[in-house]
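Report on the following structure.
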Amino acid sequence: MTDLEKKIKAKIPGEDTGIEVKHAMCSICSPGMHCGVDCYVKDGRIIKVEGMESHPWSKGKICVKGQSGRDYVYREDRIKTPLKRVGARGEGKFEPISWDEAIAMIAENLNKVKAEYGPESVMFLSGYCKWYRPWLHRMAHVFGTPNFGTDDCNCSAAMVVANKCTSGTGGGADFGKCNTFFGWNYDGYYSNHMNVASVKGVKKRGGKVIIIDIRETPAVKNLADIFVQINPGTDGALALGMANEIIKNGWEDKEYVEKYTHGFAQYKALCAEYDLDKVEAITGVSKDMIKELARLYACEGPTACNYSASALVHHINGFNAHRAVLCLSALTGNFDRAGGQVPVPVTYLHKSAGFSTREAEFRSSADPRKTNPDCKRILGADRFPLWEEKFDETQTMDLLHQLTTDEPYPIRAIYAHGMNVKMYPESDNLARAMAEKLDFFVLTDLFMTYTAKWADLVLPACSSFERSEIKCYAGGYAVFTEPVIQPLYESRSDVDIIYDVYHALGLKDELMDLGYEGSIDWMFDGCGTCVSELKNGHNMPLKVPNAKWPVAPGKQLENGFKTPTGKFEFYSESIAKVDKKYGLDPLPVYYDSLADEPDPEGRYPYYLCTGARLSISLHSRVHEVPYLRQLRKHPMCEVNMEDMKALGLKDGDDVVLYSPHGEITVKVHGTFKIKPGVILMLHGYTEANVNLLEGRDHLDPYSGYPGHKGMRCNIRKEVK
């Protein structure tokens, strides 16, 4: 930082630069991040973004994505005004209309579908960002439809549901007191950079760090004492094999298991099927290493784990893989114990901050399934009943199936904020099905995306620098941000748009009618703070008076688990209640992650894994930021060097990845960081959508999650 910049930042009088430094929040990443940033603003325009050193959570750190915040906000493809489609769906031809015309058009079309087909035939959807979801969720229910869905349908919710079926809640790693850390699919440098310091703290105290992954990552290089390179999609088998070794050697915490768990006898019998020879053959991990992992987990504790929100559950066996890994913590007495997994209840929008809010009640107390005996079941309930029971959103991975079959009832309108069809398998087929079957489709977004081009009406949204939102942080903090610049063009805050639509639809609801800030105060009532007090922080997170942080372990053990038995369930009674016709096993059984795609002729011999992150991106919208895109211009897959040689490929060659469902052309890069037979495709490139290679029914039967990280494919050199 130059001397002048230091003076500007310190706001020393006497420097007439015309530059203001304003606190803000970067929301480019997932809600687990949202780092504090300082925006340098001149003449109403952001000229620079840097980390906010005084931010109590991010403490001045900012990633390359956050550093590109200015370029992100001023992208040339920002939607500037409401746009009405004038060409064919998907053609991308629109004409500007006024906001009044747009809102009236929405109300007319949604109410028309409601009158003709019923409210269930209108679906409300959300992608990025997540901040407005409580209001969109409640508006959907007040409208009368149970069909509210988000990108949680393939992001973090499978892990949440698996936790509910096993322990009743999730559990975070107690880094400050653990002696051994198992980083299952852990790469904090690219997915949670604020977490890296905690892992370093374990090493500094002399603790061991074990990372289990399919690929050598920066976390492996910089943090791992032991790196276990596992065959993709086999984590559940490894966890069961480790459990078998722990039980065989008497290393389990017998008192804990007897007092706090349910179904141990059945679980023990399942684990006994996974002897060392079998697990080595499945996972590619040596028998000696499996034994050592079991010993370290059980005998060198307390042991804590990283539970990924998506890396495990993005396989069709991922739900049970997560459960199998989670069961290790109870088997060894590490769940709800200091140094192990400490349950931390969610405070607001997936973030734990040590205090409770009434967000869930605000979201779901108007659910028509509770208030209307004639309300139909949510989308996907017929195929994924466990999801319906445990999560208060639709499983929208069923959308393509429902649109093409109209079963059990038609979907005829979609009202969406930030929807991205490219996160769905067979993305192009979904877009075409929407064009064919929907009477009306409206999308709010910042940018003219591929999805937006299929809409009948497109509305311009604000970035986090142009709106106000409520956010919570670990440590007991909350912030209510205010804009650092005025909304660009004719863009509006998502919540303002939602309220405009709510009123135009003629809806009435006691909590919605409190207004945006009033409803926040209602949700945060009892926390010891309110919007007006948080505004006094001037975009700086403030300590919430009633927050208790850190959260002390032991409450689940003392008060009982939030499961049917009140115990940690190796054998899930929630799953056992599901009709046997669905074939769901109450135990965390392992099955092949490619089991639903047999290939007896060997036409697709490679295992395709998608979703590995680059430090410069998070999904397609970030790849389109010019500064970030020039750092990795072309979509690229990674192939083991042995396979490169056998295929006659060299770095930078154009190759075609293909499956029974489609093909894409990308560049290839040779590496020793993945095993032979595995292809890693970096996701998020608009021109090479890897989800086109994935079938619509390649879904986990428990959660409905797509197997993004486990598909069959083949590869050939592109012939020009």
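Data overview
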item: Alpha-carbon Rg with Dmax, taken over the range 278-395, Å; result: 19.2, 59
item: Of 471/543; 453/717; 221/709, pairs whose Cα-Cα distance is over 24 Å; result: 453/717
item: Chymotrypsin sites (Phe, Trp or Tyr not before Pro) within the range 422-512, DSSP loop, no more than 15 other Cβ atoms inside 10 Å; result: 489
item: Greater than 28 Å apart at Cα, pairs in 84/370; 84/667; 376/580; 259/351; 351/581; 59/555; result: 84/370; 84/667; 259/351; 351/581; 59/555
item: For the range 130-267: span of alpha carbons on each principal axis (Å, largest first); result: 57, 40, 31
item: Ranked 587, 296, criterion: other C-beta atoms within 10 Å, fewest first; result: 296, 587
item: Residues whose placed amide H lies under 5 Å from that of residue 446, excluding near-sequence neighbours; result: 461
item: Proximal aspartates and glutamates to residue 675, defined as alpha-carbon separation beneath 14 angstrom and excluding residues fewer than eight positions away on the same chain; result: 213, 216, 638, 642, 643
item: Globularity index of the range 564-650, i.e. its alpha-carbon radius of gyration over 2.2 N^0.38 Å; result: 1.78
item: The chain - mean residue ellipticity at 222 nm from DSSP helices (-39,500 (n - 2.57) per run, n ≥ 4, rounded to 500); result: -8500 deg cm²/dmol
item: DSSP-loop GluC sites (Glu not before Pro) across the range 608-711, with at most 14 other Cβ within 10 angstrom; result: 687
item: Reach of residue 548 by Cα under 17 Å, taken over aspartates and glutamates that are not fewer than 8 positions away in the same chain; result: 174, 336, 525
item: DSSP-loop trypsin sites (Lys or Arg not before Pro) across the range 444-525, with at most 11 other Cβ within 10 angstrom; result: 508
item: Per-bin percent of Cα-Cα distances, the range 374-514 [5 Å]; result: 2, 8, 14, 15, 18, 17, 14, 8, 3, 1
item: Tail fraction, Cα-Cα pairs, the range 606-717, threshold 18 Å, whole percent; result: 49
item: Descending semi-axes in Å of the range 506-608, equivalent ellipsoid built from Cα gyration tensor; result: 45, 24, 19
item: Calculated P(r) tail over 26 Å for the range 70-205, as whole % of Cα pairs; result: 52
item: Dimensions (Å) - the chain, Cα atoms, principal axes, largest first; result: 70, 60, 60
item: Cα lying deepest toward the dipole's positive end in the chain, options 682, 442, 102, charges on Cβ; result: 682
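Rule-based calculations on the coordinates, nothing more; no lab input. A quick note: this is a predicted structure, and the numbers were derived from the prediction, not measured. Cβ atoms come from the backbone with ideal geometry, glycine included; neighbour counts cover every protein chain shown.
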